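Peer 1: Take this structure first; my questions come after.
The values are calculated or read from the model by the stated rules, or taken from the named source; none is laboratory data. Given the structure is predicted, the values throughout are model-derived calculations rather than measurements. Quick reminder, even Gly has a Cβ in these numbers, built from the backbone with ideal geometry, and neighbours come from all protein chains shown. Just so you know, the surface numbers come from the protein's heavy atoms only, side chains and all, with ligands and any DNA or RNA stripped out. Shrake-Rupley method; radii C 1.70, N 1.55, O 1.52, S 1.80 Å.
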Amino acid sequence: MPQGDIKTVEKQFSNAVLIPEIIKMINEGHTVTLPLKGYSMRPFLEDGRDKALLTKPLNPKVGDPVLAETEPLHFVLHRIIKIEGDNVVLRGDGNLGNEYCKMSDVKASVIGFYRKGRNTLDRTDGKKWRAYSFVWMHLSPIRRYLLAFHRRIWLRLFH
């Protein structure tokens, strides 16, 4: 077929349809790159711009970003902020409130992120991610003001 005859078709699926298929692939031992939708992990990750590299959850711990099912067919990619027994407390970096699930509802761990259109992976076990995570998690008391600044000023100037 001549190059000019190739037609690209883009399809979008709801998370309730797509994510269970991704989880099946992860459970079969594959890693999956997932384009990010939503604003819950701002300011570090952006909707439609960044991607997460997912794998089977192996001993998730506090501070780790994970893909979790917080209610039937409702999936979030958030950071674990607390684990008490089988109960997990999650919060997106761009969120002020928490979400909750059981450890069995953690469906994937994030190996790293492809950010800002780059092809290099920002690994979640790397120094850059750990430093960012440490600082951001400890800014909880003033996070509301930092997020407001990011939304109202930073994005208007630099986005």
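Peer 1: When you scan the stretch 43-59, do you find a residue that is out of contact with any strand residue (DSSP E or B) (no Cβ under 8 Å at 6 or more places or on another chain), surrounded by fewer than 19 Cβ atoms within 10 Å (Cβ to Cβ) and over 26 Å from PRO141 (Cα atoms), even just one?
Peer 2: The answer is yes, given that some residue of the stretch 43-59 is out of contact with any strand residue (DSSP E or B) (no Cβ under 8 Å at 6 or more places or on another chain), surrounded by fewer than 19 Cβ atoms within 10 Å (Cβ to Cβ) and over 26 Å from PRO141 (Cα atoms).
Peer 1: Sticking with this structure for a sec: How many residues does the stretch 13-59 hold that are in contact (Cβ under 8 Å) with a residue 24 or more places away in the chain and in a helix (DSSP H, G or I)?
Peer 2: Here the count works out to 8.
Peer 1: For the stretch 60-77, does any single residue satisfy the condition of being open to solvent by less than 20 Å² (accessible area, probe 1.4 Å), on the phi > 0 side of the Ramachandran plot and not in a strand (DSSP E or B)?
Peer 2: Yes, that holds for at least one residue.
Peer 1: With the condition kept exactly as written, say whether any residue in the stretch 97-115 is out of contact with any helix residue (DSSP H, G or I) (no Cβ under 8 Å at 6 or more places or on another chain), modelled with pLDDT of 85 or more, small (Gly, Ala, Ser) and under 24 Å from PHE13 (Cα atoms).
Peer 2: yes
Peer 1: Go through the stretch 82-96 and report how many residues are free of Cβ contacts under 8 Å to residues at least 40 places away in the same chain and either open to solvent by less than 60 Å² (accessible area, probe 1.4 Å) or touching a His at 6+ places or on another chain (Cβ under 8 Å) (or both). Can you show your working first?
Peer 2: Of the residues in the stretch 82-96, the ones free of Cβ contacts under 8 Å to residues at least 40 places away in the same chain are 82-91.
So of that shortlist, the ones also either open to solvent by less than 60 Å² (accessible area, probe 1.4 Å) or touching a His at 6+ places or on another chain (Cβ under 8 Å) (or both) come out as 83, 88-91.
Residues flagged as free of Cβ contacts under 8 Å to residues at least 40 places away in the same chain and either open to solvent by less than 60 Å² (accessible area, probe 1.4 Å) or touching a His at 6+ places or on another chain (Cβ under 8 Å) (or both) within the stretch 82-96 amount to 5.
Peer 1: Provide a single number: the residues in the stretch 102-129 that are outside any strand (DSSP E or B) and touching a residue at least 60 places away in the same chain (Cβ under 8 Å).
Peer 2: So the count comes out to 4.
Peer 1: Return yes when GLU10 is free of Cβ contacts under 8 Å to residues at least 60 places away in the same chain, among the charged types (D, E, K, R) and in contact with an Asp or Glu (Cβ under 8 Å, 6 or more places away or on another chain) and no when it is not.
Peer 2: In short, no.
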